[in-house]
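The values are calculated or read from the model by the stated rules, or taken from the named source; none is laboratory data. What you are looking at is a predicted structure, and each value in this text was computed from that prediction instead of being measured. Every residue, glycine as well, gets a Cβ built from its backbone with ideal geometry; the counts of neighbours run over all protein chains shown. Surface accessibility is based on the protein's heavy atoms, side chains included, excluding ligands, DNA and RNA. Shrake-Rupley method; radii C 1.70, N 1.55, O 1.52, S 1.80 Å.
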Amino acid sequence: MIKKNLRTLIITSIVILLPILAGVILWNQLPEQIPIHWNAAGEVDGWSSKPFAVFGVPLILLAVQWLCMLGTCADPKKNNHPEKILHLVLWIIPVLSVVLHVITYAAALGKEVRMEMVMPVLVGLLFAIIGNYLPKCKQNYTIGIKIPWTLNSEENWNRTHRFAGRLWLVCGIAMMLTGFFGGFWIFLPIVLLMVLAPMIYSYILHRKGV
(Lines give C-alpha, C1' and ligand atoms only; values in the text may rest on other atoms or scores of the structure.)
Protein backbone atom coordinates (compact mmCIF):
# COMPACT_ATOMS: atom_id res chain seq x y z
CA MET A 1 0.00 0.00 0.00
CA ILE A 2 2.87 2.39 0.76
CA LYS A 3 4.34 1.72 -2.70
CA LYS A 4 0.99 2.44 -4.31
CA ASN A 5 0.61 5.74 -2.43
CA LEU A 6 4.29 6.65 -2.12
CA ARG A 7 4.01 9.72 -4.36
CA THR A 8 1.09 11.11 -2.33
CA LEU A 9 2.86 10.26 0.93
CA ILE A 10 6.02 12.12 -0.15
CA ILE A 11 4.05 15.17 -1.33
CA THR A 12 1.99 15.32 1.87
CA SER A 13 5.13 14.93 3.98
CA ILE A 14 6.73 17.90 2.19
CA VAL A 15 3.57 19.97 2.75
CA ILE A 16 3.62 19.10 6.46
CA LEU A 17 7.20 20.40 6.70
CA LEU A 18 6.62 23.59 4.67
CA PRO A 19 5.92 25.64 7.84
CA ILE A 20 9.54 24.99 8.87
CA LEU A 21 10.73 26.89 5.80
CA ALA A 22 8.31 29.73 6.56
CA GLY A 23 9.47 29.76 10.19
CA VAL A 24 13.14 29.96 9.17
CA ILE A 25 12.38 32.86 6.81
CA LEU A 26 10.47 34.67 9.59
CA TRP A 27 12.88 33.60 12.34
CA ASN A 28 14.24 37.04 13.22
CA GLN A 29 10.74 38.53 13.30
CA LEU A 30 9.21 35.84 15.51
CA PRO A 31 9.24 36.30 19.31
CA GLU A 32 10.92 33.76 21.58
CA GLN A 33 7.52 32.65 22.94
CA ILE A 34 4.88 31.72 20.35
CA PRO A 35 1.15 31.15 21.03
CA ILE A 36 0.03 27.59 20.31
CA HIS A 37 -3.26 27.27 22.19
CA TRP A 38 -6.40 29.37 22.54
CA ASN A 39 -9.36 29.02 24.93
CA ALA A 40 -13.04 29.04 23.96
CA ALA A 41 -13.10 32.85 24.14
CA GLY A 42 -10.33 33.10 21.55
CA GLU A 43 -7.70 34.15 24.10
CA VAL A 44 -4.18 32.72 24.06
CA ASP A 45 -3.64 30.43 27.04
CA GLY A 46 -0.69 28.33 25.87
CA TRP A 47 2.78 29.21 24.61
CA SER A 48 5.83 27.35 23.32
CA SER A 49 9.42 28.20 22.54
CA LYS A 50 10.24 29.41 19.05
CA PRO A 51 12.32 26.31 18.12
CA PHE A 52 9.53 23.96 19.18
CA ALA A 53 6.84 25.89 17.28
CA VAL A 54 8.94 26.14 14.10
CA PHE A 55 10.64 22.72 14.08
CA GLY A 56 9.05 20.52 16.73
CA VAL A 57 5.36 20.74 15.82
CA PRO A 58 5.81 19.96 12.08
CA LEU A 59 8.10 17.01 12.91
CA ILE A 60 5.54 15.63 15.38
CA LEU A 61 2.80 15.97 12.76
CA LEU A 62 5.04 14.22 10.21
CA ALA A 63 5.56 11.32 12.64
CA VAL A 64 1.79 11.07 13.17
CA GLN A 65 1.24 11.04 9.39
CA TRP A 66 3.61 8.12 8.89
CA LEU A 67 2.28 6.21 11.91
CA CYS A 68 -1.25 6.53 10.51
CA MET A 69 -0.08 5.26 7.13
CA LEU A 70 1.81 2.32 8.67
CA GLY A 71 -1.22 1.46 10.81
CA THR A 72 -3.43 1.51 7.72
CA CYS A 73 -1.00 -0.77 5.89
CA ALA A 74 -1.19 -3.26 8.77
CA ASP A 75 -4.99 -3.46 8.47
CA PRO A 76 -6.03 -7.01 7.46
CA LYS A 77 -8.86 -5.42 5.43
CA LYS A 78 -6.73 -2.71 3.84
CA ASN A 79 -8.04 -3.67 0.41
CA ASN A 80 -11.44 -2.28 1.49
CA HIS A 81 -10.05 1.26 1.74
CA PRO A 82 -11.48 3.32 -1.14
CA GLU A 83 -8.79 5.37 -2.87
CA LYS A 84 -10.62 8.67 -2.31
CA ILE A 85 -11.01 8.08 1.43
CA LEU A 86 -7.37 7.07 1.82
CA HIS A 87 -6.26 10.23 0.01
CA LEU A 88 -8.58 12.29 2.23
CA VAL A 89 -6.97 10.78 5.31
CA LEU A 90 -3.48 11.43 3.94
CA TRP A 91 -4.27 15.11 3.31
CA ILE A 92 -5.89 15.94 6.68
CA ILE A 93 -2.64 16.40 8.63
CA PRO A 94 -0.81 18.35 5.86
CA VAL A 95 -3.68 20.83 5.52
CA LEU A 96 -3.91 21.21 9.31
CA SER A 97 -0.14 21.74 9.51
CA VAL A 98 -0.22 24.61 7.01
CA VAL A 99 -3.40 26.25 8.33
CA LEU A 100 -2.43 26.02 11.99
CA HIS A 101 1.06 27.38 11.37
CA VAL A 102 -0.31 30.28 9.32
CA ILE A 103 -2.54 31.11 12.29
CA THR A 104 0.28 30.61 14.80
CA TYR A 105 2.80 32.74 12.92
CA ALA A 106 0.22 35.46 12.31
CA ALA A 107 -0.63 35.61 16.03
CA ALA A 108 3.06 35.61 16.96
CA LEU A 109 3.65 38.59 14.65
CA GLY A 110 0.87 40.55 16.32
CA LYS A 111 -1.86 40.02 13.76
CA GLU A 112 -5.44 39.76 15.02
CA VAL A 113 -6.60 36.14 14.89
CA ARG A 114 -10.19 35.40 15.88
CA MET A 115 -9.76 31.80 16.95
CA GLU A 116 -13.26 31.68 18.42
CA MET A 117 -14.46 31.97 14.81
CA VAL A 118 -11.66 30.25 12.90
CA MET A 119 -11.53 26.96 14.81
CA PRO A 120 -15.27 26.08 14.74
CA VAL A 121 -15.32 26.82 11.00
CA LEU A 122 -12.23 24.68 10.32
CA VAL A 123 -13.32 21.78 12.52
CA GLY A 124 -16.88 21.93 11.21
CA LEU A 125 -15.67 21.92 7.61
CA LEU A 126 -13.46 18.90 8.35
CA PHE A 127 -16.33 16.95 9.92
CA ALA A 128 -18.68 17.87 7.06
CA ILE A 129 -16.17 16.59 4.49
CA ILE A 130 -15.60 13.37 6.46
CA GLY A 131 -19.36 12.94 6.81
CA ASN A 132 -19.69 13.11 3.04
CA TYR A 133 -17.24 10.23 2.66
CA LEU A 134 -18.30 8.02 5.59
CA PRO A 135 -21.07 6.16 3.67
CA LYS A 136 -18.48 5.15 1.06
CA CYS A 137 -16.21 3.61 3.71
CA LYS A 138 -16.17 -0.20 3.54
CA GLN A 139 -15.66 -2.42 6.58
CA ASN A 140 -12.07 -2.25 7.91
CA TYR A 141 -10.10 -1.88 11.15
CA THR A 142 -8.51 1.57 10.75
CA ILE A 143 -10.87 4.03 9.04
CA GLY A 144 -14.44 4.56 10.16
CA ILE A 145 -16.64 3.78 13.19
CA LYS A 146 -14.87 0.76 14.62
CA ILE A 147 -17.04 -0.70 17.39
CA PRO A 148 -17.90 -4.38 18.02
CA TRP A 149 -21.30 -4.29 16.30
CA THR A 150 -20.05 -2.67 13.08
CA LEU A 151 -17.00 -4.94 12.91
CA ASN A 152 -19.09 -8.09 13.41
CA SER A 153 -21.69 -7.28 10.75
CA GLU A 154 -21.12 -5.76 7.33
CA GLU A 155 -24.77 -4.65 7.12
CA ASN A 156 -24.51 -2.99 10.54
CA TRP A 157 -21.32 -1.25 9.37
CA ASN A 158 -22.94 0.02 6.16
CA ARG A 159 -26.15 1.26 7.81
CA THR A 160 -24.29 2.86 10.72
CA HIS A 161 -21.95 4.71 8.35
CA ARG A 162 -24.83 5.96 6.21
CA PHE A 163 -26.50 7.28 9.34
CA ALA A 164 -23.26 8.77 10.71
CA GLY A 165 -22.43 10.35 7.36
CA ARG A 166 -25.65 12.36 7.29
CA LEU A 167 -25.30 13.23 10.97
CA TRP A 168 -21.68 14.42 10.65
CA LEU A 169 -22.51 16.49 7.60
CA VAL A 170 -25.32 18.30 9.44
CA CYS A 171 -23.29 18.65 12.65
CA GLY A 172 -20.28 19.93 10.70
CA ILE A 173 -22.41 22.67 9.16
CA ALA A 174 -23.83 23.48 12.62
CA MET A 175 -20.28 23.82 13.98
CA MET A 176 -19.37 26.21 11.18
CA LEU A 177 -22.40 28.34 12.00
CA THR A 178 -21.29 28.62 15.65
CA GLY A 179 -18.11 30.23 14.36
CA PHE A 180 -19.97 32.84 12.33
CA PHE A 181 -22.87 33.51 14.69
CA GLY A 182 -21.51 32.57 18.12
CA GLY A 183 -22.94 29.91 20.38
CA PHE A 184 -19.62 28.18 21.03
CA TRP A 185 -21.19 26.61 24.14
CA ILE A 186 -23.04 24.10 21.91
CA PHE A 187 -19.78 22.94 20.30
CA LEU A 188 -19.12 20.18 22.86
CA PRO A 189 -22.73 18.85 22.80
CA ILE A 190 -22.49 18.62 19.00
CA VAL A 191 -19.27 16.58 19.28
CA LEU A 192 -20.86 14.28 21.87
CA LEU A 193 -23.86 13.79 19.57
CA MET A 194 -21.56 12.87 16.68
CA VAL A 195 -19.74 10.30 18.81
CA LEU A 196 -22.61 8.78 20.78
CA ALA A 197 -25.49 8.74 18.29
CA PRO A 198 -23.80 6.38 15.75
CA MET A 199 -22.77 4.04 18.59
CA ILE A 200 -26.32 3.93 19.96
CA TYR A 201 -27.76 3.47 16.46
CA SER A 202 -25.34 0.59 15.79
CA TYR A 203 -26.26 -1.07 19.09
CA ILE A 204 -29.98 -0.79 18.30
CA LEU A 205 -29.33 -2.46 14.94
CA HIS A 206 -27.37 -5.16 16.71
CA ARG A 207 -30.23 -5.80 19.13
CA LYS A 208 -32.50 -6.19 16.09
CA GLY A 209 -30.18 -8.84 14.71
CA VAL A 210 -28.45 -6.66 12.12
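Find all pairs meeting these conditions: Cβ atoms under 7 angstrom apart; at least six residues apart or on different chains; first residue within segment 138-165 and modelled with pLDDT under 95 and among the small types (G, A, S); second residue in a loop (DSSP other than H, G, I, E, B) and buried (at least 20 other Cβ atoms within 10 Å of the Cβ).
What qualifies is G144/C137.
Considering S13, S49, which residue is in contact with a strand residue (DSSP E or B) (Cβ under 9 Å, 6 or more places away or on another chain) and among the hydroxyl-bearing types (S, T, Y)? Break it down stepwise before answering.
Values: S13 fails: in contact with a strand residue (DSSP E or B) (Cβ under 9 Å, 6 or more places away or on another chain).
Going through S13, S49 in turn, just one is in contact with a strand residue (DSSP E or B) (Cβ under 9 Å, 6 or more places away or on another chain) and among the hydroxyl-bearing types (S, T, Y): S49.
So, in segment 177-189, exactly how many residues are in a helix (DSSP H, G or I) and either surrounded by fewer than 20 Cβ atoms within 10 Å (Cβ to Cβ) or basic (K, R) (or both)? Before you say what the answer is, go through the steps one by one.
From segment 177-189, those in a helix (DSSP H, G or I) are 177-181, 184-189; that's our starting set.
Of the ones still in play, those that are also either surrounded by fewer than 20 Cβ atoms within 10 Å (Cβ to Cβ) or basic (K, R) (or both) are 177, 180-181, 184-189.
Residues that pass the stated criteria total 9.
What's the number of the only condition in (1) modelled with pLDDT under 95; (2) within 24 Å of L96 (Cβ to Cβ); (3) out of contact with any Asp or Glu (no Cβ under 6 Å at 6 or more places or on another chain); (4) open to solvent by less than 80 Å² (accessible area, probe 1.4 Å) that L192 fails to meet?
So the condition that L192 fails would be (4).
Name the residue, out of L9, L59, L17, L21, that is open to solvent by 90 Å² or more (accessible area, probe 1.4 Å), over 30 Å from F187 (Cα atoms) and not in a loop (DSSP other than H, G, I, E, B).
L21
Kindly indicate the residue of segment 34-73 that is touching a residue at least 60 places away in the same chain (Cβ under 8 Å) and small (G, A, S) and also nearest to W91 (Cα to Cα) among those meeting that condition.
G71
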